[in-house]
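J.: For reference, the structure I am asking about is given below.
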Amino acid sequence: MATIFSRIIAGEIPSYKVAEDDNFFAFLDINPLIKGHTLVVPKKEVDYLFDIDDALLEKMMVFSKRTAKAIEKVVKCQRVGLTVIGLEVPHAHIHLIPIITGMQDMNFANPKLKLTKEEFEEIALAINKAWR
Ligand code: 5GP
């Protein structure tokens with residue numbers, strides 16, 4: 001069965017898309033720690049990030065870099081942090097999280113933000129524009 005992220009990439013489940021190329025899809029995390037919290041996902045379904053073949057993993061880091069640079073242009077932050085957990089959804093993904101106050105911004109035990117549809121749309125569009 002396709003993972004929830006494959007269904008998002010296929011457009012079967014809606015998402016706030018930030019960027020896309022032949023290999024990767026980036027969209028806003030639905031339960032963001034910080035405004036602009038983005039997930040980068042390979043279109044190829046692989047559960048564990050470190051099972052991704054070397055060539056694709058290199059490209060995933062470059063795609064994440066470009067996406068992080070776009071996030072920086074939209075969200076006023078010290079820098080964008082990158083983390084990988086992957087315990088909830090068995091489809092490899094990189095979290096890109098704007099760090100505003102400090103390392104505590106990347107603590108997944110923090111309460112998640114509740115954003116409106118309009119807020120999600122506005123951020124996704126702005127990051128997408130900065131990405132292009
Ligand atoms: P992890 O697998 O890295 O522990 O966490 C998965 C992440 O995916 C979580 O931060 C969660 O909020 C996000 N997530 C799970 N399901 C969906 C979804 O359907 N849409 C979006 N945009 N994010 C999701």
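Computed from the coordinates by the stated procedures, all read-outs in this text should not be read as laboratory data. Worth saying up front: this structure is predicted, and the values here are computed from it rather than measured. Every residue, glycine as well, gets a Cβ built from its backbone with ideal geometry; the counts of neighbours run over all protein chains shown.
J.: Starting from the Cα-Cα distance between Tyr48 and Lys73, subtract it from 0.36 nm times their residue separation and give me the gain in nm to one decimal.
T.: Values: separation 25, 0.36 × 25 = 9.00 nm, distance 2.99 nm.
That pair, Tyr48 and Lys73, stretches by 6.0 nm at full extension.
J.: When the Karplus curve 6.51 cos²θ - 1.76 cosθ + 1.60 is applied with θ = phi - 60°, which whole-Hz ³J(HN,Hα) does each residue of region 19-31 get, with x for Gly and Pro?
T.: Once θ is set to phi - 60°, the couplings for region 19-31 become 6, 7, 9, 4, 10, 9, 9, 10, 8, 6, 5, 6, 10 Hz.
J.: Can you give me the angle between helix 54-74 and the longest principal axis of the chain, using Cα atoms only, in degrees from 0 to 90, rounded to the nearest 10?
T.: Approximately 20 degrees, to the nearest 10.
J.: Of Lys17/Lys44; Lys59/Lys117; Lys59/Lys112; Lys44/Lys112; Lys69/Lys112; Lys17/Lys114, which sit over 26 Å apart, Cα to Cα?
T.: On the way: Lys17/Lys44 17 Å; Lys59/Lys117 31 Å; Lys59/Lys112 29 Å; Lys44/Lys112 28 Å; Lys69/Lys112 23 Å; Lys17/Lys114 18 Å.
Pairs exceeding the cut-off: Lys59/Lys117; Lys59/Lys112; Lys44/Lys112.
J.: For the chain, what does -39500 (n - 2.57) per DSSP helix run (n ≥ 4), summed and divided by total residues, give at 222 nm, in deg cm²/dmol to the nearest 500? Write out the running numbers ahead of the final one.
T.: Details: 3 runs with 42 residues, N = 132.
-10500 deg cm²/dmol, from helical runs alone.
J.: Which whole-Hz couplings ³J(HN,Hα) result when phi for each residue of region 113-121 is put into the Karplus expression 6.51 cos²θ - 1.76 cosθ + 1.60, θ = phi - 60°, listed in order with x for Gly and Pro?
T.: Each residue's phi maps through the Karplus curve to give 6, 9, 10, 7, 3, 5, 5, 4, 4 Hz.
J.: Under a 10 Å cutoff between Cα atoms, tell me which one of Pro111, Pro90, Pro32 has the largest fluctuation in the Gaussian network model of the chain.
T.: Pro111
J.: Just Ile97, Ile52, Ile71 to compare: in a GNM of the chain, with alpha carbon springs under 10 Å, which one fluctuates most?
T.: Ile52
J.: Dipole magnitude of region 4-131 about its Cα centre, charges +1 at Lys/Arg Cβ and -1 at Asp/Glu Cβ only, in debye to the nearest 20?
T.: Numbers: 16 positive and 18 negative charges, 109 e Å.
Computed charge dipole of region 4-131: roughly 520 debye.
J.: Where Rh is the Kirkwood radius over the Cα pairs of the chain, the temperature 37 °C and the viscosity 0.692 mPa s, what D in µm²/s does Stokes-Einstein return? Can you show the working numbers first?
T.: On the way: Rh = 14.8 Å.
My calculation gives 222 µm²/s for D.
J.: Spelling out what I want: for every residue of region 87-94, take phi, set θ = phi - 60°, compute 6.51 cos²θ - 1.76 cosθ + 1.60 (Karplus), and round to whole Hz; glycine and proline get x.
T.: 8, 9, 10, x, 8, 3, 7, 9
J.: Measuring from a point 7 Å past the Cα of Arg66 along Cα-to-C-beta, which residues in region 115-132 have an amide N at less than 15 Å?
T.: 127-132
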